[in-house]
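These notes concern the structure reproduced below.
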Amino acid sequence: MSAGSAGSVQSLGGVPIYPDVKLYANVLGDLRIWEGDGWKAETMSWKTGCYLHSGLSGPTEYRFRGPDAGRFLTSISINASEWPIGQSRHLVMLDQDGLIANHTLAIRDGADTYRHFACPPWSLYKLQSAGMDVEVSVRQIFILQVAGPTSLTVLERATGGSLRDVGFLQTRPTRVLGVDAEMEISRVGMAGTLAYELRGPFEAGPAAYDAVYQAGRDLGIKRLGWRSYMVNHVEGGFPQGLGTFLYSGIRDPQFLAMFAPAMAASMTQCSGSVDPADLRARFRTPVEVGWEWMARFDHDFIGREALEREMASPKRTIVTLRWDPKDVIDIYASLFEPGEEYRTLDLPSCPQPPAGGHADQVTKDGRQVGISSGTTYSYYYREVISHCTIDRDQAHVGNEVVVHWGDYGKRIKEVRATVARFPYLDLPRNEDYDLARVASGVSETPADR
């Protein structure tokens, strides 16, 4: 146990320690808050207040610099590297078969300088054989995700200045009051509503976390843990590698060898009613997750030919499935009946994250039409929902299908489900959020709070 950077909070593995937080967990080899303020309150937070999440802190930040930096990232991404300096972009990287090998948030810092983080090192792996003039540097960083209607107010309190100039996907330097470290703020997030990320050197993470937490306590800020983290992705319509699908890069033994054995095992674990030997059912293409709009065919990139073929005749897309509540209740009822029970549907996410290898068969009139993953109980909507990559002729809202819930070779529950809107969260999106509705945190003083 060590003191935080500002001496105000203790930490273990870079995660703040509070007496009232009882559950921490080993997630992909790092200690994380598992449940901070109770999963119900946490999953309501980005609709009614805001959350603070440190679950991505500790990843390596990769910085690419040099005359070929942009050309290299362009060669491995479906969307080109030429975007405004100071802005973020969601880079999607494929293998030769057009399957998603990696995806990440990247920032362009200069004409020949880029960064990305919180993802597997697929880009470093491909750089080894690229033969390009690119210098790579790495560092450990903290990432604090703050999302919900009051997130901007809280962050303005914590930084002591207005952040209204930070547009969607934009990034600029900032500081947190009382923490001696340079940081940056980005308007980006996975909540499907107003959201920001605060980033900086890893050692400053616990103190920055505590500063943001204290700034939002009277506004009801919630400490979001990993138990509830994937709820926002599923509600908000954000498919996620290792969350709702597997990265196809795991098929490459040399790439997989870059990870510690425990991490590699987590990245390849399979469950669900689909045969665990069927990895293709657990991989996705950009078309299958609704990301085809990002593709730019003005440059060559790995997997381009496969993606072009698929986009010429797309077969599947992504929808939300809303599960029949009576069938869900029957899953729990089996616990009180003799014989083999159905697989328990843990709340709020099942399997508990990370669970990209979970895949359930989806059928229509006995015919396989899709794959369901990311099974989630939404306390906000009081419904069980999931993401489904589904045949396009079955993707219309209101269509009724069947999810085969359970593990391969065990008892399977056929759950009736209805195709619903995607994204499912029907609140104002981050890119459209009216900041005039958000109270300023700048003019406030501690006495005002």
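The values are calculated or read from the model by the stated rules, or taken from the named source; none is laboratory data. Keep in mind that what you see is a predicted model, and the values were worked out from it rather than measured. Here the Cβ positions follow ideal geometry from the backbone for every residue, glycine too, while neighbour counts run over all protein chains shown.
In table form, for the structure just shown:
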| item | result |
| --- | --- |
| Where Leu198 falls short, out of the listed (1) touching a residue at least 60 places away in the same chain (Cβ under 8 Å); (2) crowded, with 22+ Cβ neighbours inside 10 Å | (1) |
| Residues that are among the β-branched types (Val, Ile, Thr) and more than 14 Å from Asp37 (Cα to Cα), drawn from the range 219-239 | Val231, Val234 |
| Scope the range 333-353; condition without any contact (Cβ under 8 Å) to a residue 40 or more places away in the chain, part of a loop (DSSP other than H, G, I, E, B) and within 26 Å of Glu235 (Cβ to Cβ); matching residues | Thr344, Asp346 |
| Criterion violated by Tyr229 - all others in (1) crowded, with 24+ Cβ neighbours inside 10 Å; (2) within 17 Å of Ile17 (Cα to Cα); (3) of a type in the set (Phe, Trp, Tyr) satisfied | (2) |
| Residue in the range 99-109 that is in contact (Cβ under 8 Å) with a residue 24 or more places away in the chain and farther than 24 Å from Asp300 by Cβ present | yes |
| Among the residues listed as Asp360, Asp365, Asp434, the single one being touching a residue at least 60 places away in the same chain (Cβ under 8 Å) and acidic (Asp, Glu) | Asp360 |
| Of residues in the range 434-445 being assigned to a loop (DSSP other than H, G, I, E, B), touching a helix residue (DSSP H, G or I) at 6+ places or on another chain (Cβ under 9 Å) and at pLDDT 95 or above, the one surrounded by the most Cβ atoms within 10 Å (Cβ to Cβ) | Gly441 |
| Which listed residue, of Val319, Val287, is under 25 Å from Gln394 (Cβ atoms) and outside the structural domain of His404 (by TED's automatic domain parsing) | Val287 |
| Test: residue in the range 161-168 that is surrounded by fewer than 22 Cβ atoms within 10 Å (Cβ to Cβ), touching a helix residue (DSSP H, G or I) at 6+ places or on another chain (Cβ under 7 Å) and part of a strand (DSSP E or B) | yes |
| Cβ pairs under 8 Å, 6+ apart, first in the range 121-134 and within 14 Å of Arg63 (Cα to Cα), second at pLDDT below 95 and among the β-branched types (Val, Ile, Thr) | Pro121/Thr60 |
| Count - residues of the range 306-332 that are among the acidic types (Asp, Glu), assigned to a helix (DSSP H, G or I) and touching a residue at least 12 places away in the same chain (Cβ under 8 Å) | 3 |
| Qualifying residue in the range 263-278 (condition: of a type outside the set (Ser, Thr, Tyr), surrounded by 21 or more Cβ atoms within 10 Å (Cβ to Cβ) and in a helix (DSSP H, G or I)) | no |
| Identity of the residue in the range 56-110, polar (S, T, N, Q) and farther than 30 Å from Pro206 by Cα, that ends up modelled with the lowest pLDDT | Ser81 |
| Any hit, the range 316-330, residues being more than 30 Å from Gly29 (Cβ to Cβ) and polar (S, T, N, Q) | yes |
| Output for the range 400-421, where each listed residue is over 26 Å from Asp278 (Cα atoms) and either hydroxyl-bearing (Ser, Thr, Tyr) or outside any strand (DSSP E or B) (or both) | Arg421 |
| Qualifying residue in the range 403-420 (condition: in contact (Cβ under 8 Å) with a residue 12 or more places away in the chain and at positive phi) | yes |
